[in-house]
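Here the structure comes first, spelled out in structure tokens, and everything after it is commentary.
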Amino acid sequence: MDVRKLTLEAERGNAAAQYDLSFAYLKGDGVEEDFDKAMYWLKKSANQGHSIAENDLAVIYSKVETEEGQELAVYWYEKASEHGNADAQANLGICYARGTGVPKNNEKAVYWWAKASRQGHAGAQYRLGICFKNGTGVDKDVRAAILLNIKSAEQGYAKAQLALGHAYDDGELIKQDSEKAVYWWAKAAEQGMMEAQYNLGVCYGNGQGVEQDDVKAAYWWEKSAEQGYVEAQFNLSICYINGEGVKQDDVKAAYWCEKAAEQGHAAAQNNLSICYDQGIGVEVDHIEAMKWRAIAASRGNNG
């Protein structure tokens, strides 16, 4: 990057150059990283109506946890939205939906998400689909909800892929299809969605929509468990205690059982008490066993 030439263009008032220069200072690309200079040039660009600069400036202000910061974020989101920036329109919709920087207004959230959706913004399509599904800020329309969810999922939006998997699994909004549920959960799981990873593990474990495979079930539960998904942690502990899909390992079984127990999983708490009573994967500790048995009982699990 020729920063000297870029600086000359920025000083001449070129909005695109000003934006590029602000990015260079923000990332330390060809110049020493300098947030103040980045903000200076970003504001210069935004004040000339550069929609990406306007949106980026709004995003920065949105991270300032004060009323003024949130209001400034909305101001710049509005500017960028009026200039047709789909990201800003989607972000402005979120502001209205949450009442952040503006009074909560579901109808305005729908308005801006619809604007962004028409430009193919996957996140806006997903959120607008939820509005149509629930009748929030717009008349309920199940068909529109599903179509928007599909459009978003097909663009690779992980939350939409997860939701579409649920739709095909339960068959409430669309014809039930276990194979399609697996397909979309797999797409979301590959992007790191821990709930999708758990669901995919269940499908492999039960042979639902896919050939039964304990190894793949354990694989996806471990991926999910590592991100803290409690049901996956519990299921993985069962895999290790029984040697299903993984090599039998009492220590790992107790480890994942404790992880789930610490998150309030009653069955895991009861199992953990047994581990401590019998020394399964941990040293015998009857006091710990009593503690976890009592906690489990308080949650309705009496073994």
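The values are calculated or read from the model by the stated rules, or taken from the named source; none is laboratory data. The structure displayed is predicted, hence computed values, not measured ones. All Cβ positions, even for glycine, are placed from backbone atoms using ideal geometry, and neighbour counts span all protein chains on display.
For this structure, a couple of remarks:
- Of the helices (runs of 4 or more DSSP H) lying entirely inside segment 235-303, the ones with 3 or more residues being more than 25 Å from residue 198 (Cα to Cα) and among the charged types (D, E, K, R) are found at 286-298.
- Test: residue in segment 59-71 that is surrounded by 14 or more Cβ atoms within 10 Å (Cβ to Cβ), among the aliphatic types (A, V, I, L, M), touching a Leu at 6+ places or on another chain (Cβ under 7 Å) and more than 24 Å from residue 107 (Cα to Cα): no
- Filtered by the rule that a residue be basic (Lys, Arg) and over 16 Å from residue 202 (Cβ atoms), segment 150-185 gives 151, 159, 175.
- Residue 228 vs. criteria out of contact with any strand residue (DSSP E or B) (no Cβ under 6 Å at 6 or more places or on another chain) and not in a helix (DSSP H, G or I): yes
- Subset of segment 81-110 that is of a type in the set (Val, Ile, Thr) and outside any helix (DSSP H, G or I) - its residue that is nearest to the chain's Cα centre (by Cα): 100
- Any hit, segment 52-70, residues being assigned to a helix (DSSP H, G or I) and farther than 30 Å from residue 103 by Cα: no
- Failed criterion for residue 128 (all others in (1) under 15 Å from residue 58 (Cβ atoms); (2) hydrophobic (A, V, I, L, M, F, W, C); (3) buried (at least 21 other Cβ atoms within 10 Å of the Cβ); (4) under 17 Å from the mean Cα position of the chain (by Cα) hold): (1)
- Qualifying position, being at pLDDT 95 or above, of a type outside the set (A, V, I, L, M) and either more than 22 Å from residue 40 (Cα to Cα) or touching a Phe, Trp or Tyr at 6+ places or on another chain (Cβ under 6 Å) (or both), among 89, 70: 89
- Residue 281 being in contact with a Cys (Cβ under 7 Å, 6 or more places away or on another chain), at positive phi and of a type outside the set (Ser, Thr, Tyr): yes
- Matching entry among 188, 260 (being closer than 19 Å to residue 158 by Cα and touching an Asp or Glu at 6+ places or on another chain (Cβ under 9 Å)): 188
- Considering segment 174-202, the residues that are more than 23 Å from residue 214 (Cβ to Cβ) and surrounded by fewer than 17 Cβ atoms within 10 Å (Cβ to Cβ) include one that is nearest to the chain's Cα centre (by Cα), namely 191.
- For segment 133-167, the set of residues classified as assigned to a helix (DSSP H, G or I) and surrounded by fewer than 16 Cβ atoms within 10 Å (Cβ to Cβ) consists of 134, 142, 143, 147, 154, listed by residue number.
- Flag if residue 217 is more than 19 Å from residue 131 (Cα to Cα), buried (at least 18 other Cβ atoms within 10 Å of the Cβ) and over 20 Å from the mean Cα position of the chain (by Cα): yes
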